[in-house]
1. Given 218, 306, 283, which one is surrounded by fewer than 21 Cβ atoms within 10 Å (Cβ to Cβ), farther than 22 Å from residue 157 by Cα and of a type outside the set (Ser, Thr, Tyr)?
2. Between a first residue in region 30-57 that is open to solvent by 40 Å² or more (accessible area, probe 1.4 Å) and a second residue that is among the acidic types (Asp, Glu), which pairs have beta carbons less than 6 Å apart while being 6 or more apart in sequence or on different chains?
3. Pairs please, first residue from region 77-102 and closer than 20 Å to residue 254 by Cβ and assigned to a loop (DSSP other than H, G, I, E, B), second anywhere and of a type in the set (Val, Ile, Thr) and open to solvent by less than 50 Å² (accessible area, probe 1.4 Å), Cβ atoms under 9 Å, 6+ apart in sequence or on different chains.
4. Given (1) at pLDDT 95 or above; (2) not in a helix (DSSP H, G or I), where does residue 68 come up short, assuming only one miss?
5. Just to verify a result, which residue in region 267-319, among those that are of a type in the set (Lys, Arg) and out of contact with any Phe, Trp or Tyr (no Cβ under 9 Å at 6 or more places or on another chain), is modelled with the lowest pLDDT?
6. Among the listed residues 103, 90, 121, identify the single one that is crowded, with 23+ Cβ neighbours inside 10 Å and either over 13 Å from residue 6 (Cα atoms) or hydrophobic (A, V, I, L, M, F, W, C) (or both).
7. Within region 1-25, can you find the residues that are among the charged types (D, E, K, R) and either under 17 Å from residue 60 (Cβ atoms) or modelled with pLDDT under 95 (or both)?
8. Since residue 179 meets every condition but one in (1) at pLDDT 75 or above; (2) surrounded by 16 or more Cβ atoms within 10 Å (Cβ to Cβ), which condition does it not meet?
Amino acid sequence: MSILIYAESAEGKFRKVAFELASYAKKVAESLGTTVTAITINTTDVSELSKYGVDKVLKIKNDKLAGFSAKAYADVIKQAAQKEDTKLILLSSTTDSIYLSSLVAVSLNAGFASNVVGLPLSTTPFQVRRNAFSTKAFNITEITTDIKVLGLAKNSYGIFENSSTLTEEDFNPSIGENDFGIKVESVEKVSGKVSIADADIVVSGGRGLKGPENWGMIEELARVLGAATACSKPVSDLDWRPHSEHVGQTGKPVSANLYIAIGISGAIQHIAGINSSKVKLVINSDSEAPFFKVGDYGVVGDAFDIVPRLTEKLKAFKASHS
């Protein structure tokens, strides 16, 4: 009766959140005296999971699941859980998994706790700590159902190697046509860039950059840092940047290790969506900008002067340490 995790992948390769989830699951499994089973969907090579403590992988290869469908994916996770007779199912807190978690929980009559940070405080009774009020507080949630579903907050645990002997098993769940209520016509993909979902560092710009023609310095700083680029809602609304880069409470949530906000005043919705990032650096010419109140570090000054200088200093630092 192992712990079951859904190991997310994109274009056949695991996302970093899969390794964090596996690391977390392994530690919980050790405390419960059990093993870790992962379910993967259309993943090319699953062997990497053995580095992080996964003991068994249920591999699904099905062209019907080439495009993400929350209902279909939730149904196959449910079938995997029933096959393994698992009582604890773990998912991450990416956009896809947020959709999945509640569907999986409902289908199994399971209790569900989202935004989990840290290992369970207790297993009898089963209690976990969760982010609350846009990460401004924590609450302790007790789950009393026989089957439990947890959504692990991104970057809340870390990635730790813990080698295991991996068993691979092909899994062929039944997939009904009713699982595909929405048809995906096409998906636009940007190549050569770090995705916001997988980024440890995010460089984000706001209206203080004055126009889309000035985004080159944001992209250059991100390139030097190996970071993803992002923007505030007004910027995407003005079509300066694609909506896929809009982060915040009404956009993509960000839980990066470092979030750099450049020319962003700090509307409450934006701050709520990025507040779980570990370190926040604010660069703004307005010393009264609300973002400075929540930032860990702040630079008051003209972004058009500061950002190029910062980029050059980083380039020089990297060159001296290469």
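The values are calculated or read from the model by the stated rules, or taken from the named source; none is laboratory data. As the structure is a prediction and not an experimental result, all values here were calculated from the model. No Cβ is skipped: glycine too gets one built from the backbone with ideal geometry, and neighbour counts run over all protein chains shown. All accessible areas refer to the heavy atoms of the entire protein, side chains included, with ligands and DNA or RNA removed. Shrake-Rupley method; radii C 1.70, N 1.55, O 1.52, S 1.80 Å.
1. Checking each option against the conditions leaves just 306.
2. Taking only residues 6 or more apart or on different chains, the pairs are 35/55; 51/161.
3. Here the result reads 92/5; 92/17; 93/17; 93/116; 94/17, each pair linking region 77-102 to a residue that is of a type in the set (Val, Ile, Thr) and open to solvent by less than 50 Å² (accessible area, probe 1.4 Å).
4. (1)
5. Among residues in region 267-319 that are of a type in the set (Lys, Arg) and out of contact with any Phe, Trp or Tyr (no Cβ under 9 Å at 6 or more places or on another chain), the one modelled with the lowest pLDDT is 318.
6. The match here is 90.
7. 8, 11, 13, 15, 16
8. Of the numbered conditions (1) at pLDDT 75 or above; (2) surrounded by 16 or more Cβ atoms within 10 Å (Cβ to Cβ), the odd one out for residue 179 is (1).
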